[in-house]
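The next block holds one structure in the form of structure tokens; read it before the comments.
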Amino acid sequence: MSTFLNTLFNLRNGEDDRQKTLCSVKNNISFTGANLWILACAILIASVGLNVNSTAVIIGAMLISPLMGPIVASGFALGMYDFGLLKKSLRNLLIATLAGLLVSSIYFFLSPFKEVQSELLARTSPNIYDILIAFFGGLVGVIAVTRVEKGNPIPGVAIATALMPPLCTAGYGLATGNFKFFFGAIFLYGINCVFICIATFSIVKFLKYPLKEEVDKKYQKQVRYAISIVVLLMLLPSIYFAYRLYVQQKYQQSVNNFIEKEFTDKGSTIVYKKTNYNSNPKIIELAFLSKRFTKEEIDSLNTRLSAKNIPETKLIIRQDSADKIQLLRNNILNEIKSKDVIVDEKNKKIQALEAQIAKNTFDSKQILQEARIIFPNILSLSISNNTFYYNNDSTSNSTLFIYQAQKDFTTENKAKFEDWIKKRLALEKIDLIRK
């Protein structure tokens, strides 16, 4: 049984000549000639793919990217204690990284389309799962590198352990001044580089590649400590981000359950839903096909959010603008009706007064004729002497003049009209009311 398992998991079966493998690894370190052209093209292709949100284009950039070369070489150098190779690999990786940031930043700075797409967002929030992908993807990659038959794993590793997209996303962050995107993407890029390197180191040690330099146990221990520290520096933030992702997904599940119970199960059709987890308070926006909510109903729903394990969240229901228009129309109609009632009451009072005025002792016709000579605006005039009437909730006892005019008197003309009547009829107190 042990022989079967040893044969089943033996990595030395099908292993390529080690000198040939090392020669191939070293040839892929430097970015000169063809490698430089391939790198530049891969950067531009990845940037365009991120810009237009094309997954296929981004995958193409991953496949042609030569960034894996110096990372795998760094893993071999650490495993063999070849510090000359390590120095050369890290120098070339730094050059490639700076070139990627520079070219992608220039592209996104010049591009007229700077909207944040989903492919960009996917590279700004790394977590523990990205570490697992990078490590196991790196294992597959270095195992394939050491085989006689390279097979199909290499393209899959290039796609799974994406290096170019996060590097170009970091360039987008620099070009737009969005440093949250920059640091998130460059951290993801760092995770991929470090754990591909560690995976390579592990396989090199497992296959017992010969040491380039004889180093004492103390120095080997220092190298392992350095690797452990780097792993922790990458691991701890990634665990925190993974926990945040878990909390956010749990929150989203609670929101979905609340919406389903409060609205969907009751037959309300939701036509728009948006959740803003990062705002303070968190916001849930909903819009419905036909269901309408009063302010009291919305307040009640907001109160029930905390009871459903959805704290610090505000529910906003977007109502159709037609509702506001209808409400405004109703208010206007009610106001018009109210004014009509006031006008009707006024007309009734005027009619009652005119009935009393019919008994007046003045010659209204003669006075009207004289008034129209001086004030052509006057159409009719009625006069009542010593009439009691109500005005603004009080009772007046004076001579009342009700006139009809083509248009309103100015304040000055109305005063002149009042003075003329007082002098013409020798009255001390009069009241003018326009009909």
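Under 13 Å from a point 7 Å along the Cα-to-Cβ line of ALA307: which residues of the range 260-286 have their amide N that close? 262, by backbone N distance to the label point.
Among 11-21, 180-190, what's the highest-first ranking by average C-beta atoms within 10 angstrom per residue? Intermediate values should be presented prior to the final figure.
Numbers: 11-21: 12.2, 180-190: 20.7.
So the peptides 11-21, 180-190, ranked by packing, come out 180-190, 11-21.
Residues whose amide H falls under 5 Å from that of ALA405, counting only those 5 or more places apart or on a different chain, are LEU379, LYS435, with hydrogens built in the peptide plane.
In which sequence would ILE373, ILE106 go, from the one with the fewest C-beta neighbours within 10 Å to the one with the most?
Details: ILE373 8, ILE106 16.
Fewest-to-most Cβ neighbours within 10 Å comes out as ILE373, ILE106.
Annotation: the residues VAL271, VAL223, sorted from fewest to most other C-beta atoms within 10 Å of their own C-beta, follow the order VAL271, VAL223. The largest-to-smallest principal axis extents of the Cα set in the range 13-214 are 53, 30, 26 Å. Amide H to amide H, with H built 1.01 Å from N, PHE288 comes under 5 Å of VAL271, counting only residues 5 or more places away or on other chains. Rounded to the nearest Hz, the phi-derived 3J(HN,Hα) couplings of the range 96-108 under the Karplus curve 6.51 cos²θ - 1.76 cosθ + 1.60 (θ = phi - 60°) are 5, 5, 5, 5, x, 5, 5, 5, 5, 5, 4, 4, 5, where x marks glycine and proline. Estimated from the Cβ-Cβ distance and a Förster radius of 30 angstrom, the FRET efficiency linking PHE179 and ASP265 is about 0.10.
Treat the range 212-265 as a sphere of radius equal to its Kirkwood radius over Cα pairs and apply Stokes-Einstein at 10 °C in a medium of 1.306 mPa s; give the translational diffusion coefficient in µm²/s, rounded to a whole number.
Numbers: Rh = 14.9 Å.
Value of D from the Cα-based Kirkwood radius: 106 µm²/s.
With a Förster radius of 56 Å, plug the Cβ-Cβ distance of GLU115 and GLU370 into 1/(1 + (r/R0)^6) and report the FRET value to the nearest 0.05.
Values: r = 80 Å, r/R0 = 1.43.
The value I calculate is 0.10.
Packing around the peptides 61-72, 296-307, taken as the average count of other Cβ atoms within 10 Å per residue, puts them in this order, highest first: 61-72, 296-307. Ordering 412-418, 27-33 by mean Cβ neighbour count within 10 Å, with the highest value first, yields 27-33, 412-418. Summarising the amide proton neighbourhood of LYS314: residues at separation of 5 or more, or on other chains, whose placed amide H is nearer than 5 Å comprise LYS282, ILE283, ILE284.
No lab work stands behind these numbers, since they all come straight from the coordinates. Remember, predicted model here, so these are calculated numbers, not experimental data. Backbone-built Cβ (ideal geometry, glycine too); neighbour counts: all protein chains shown.
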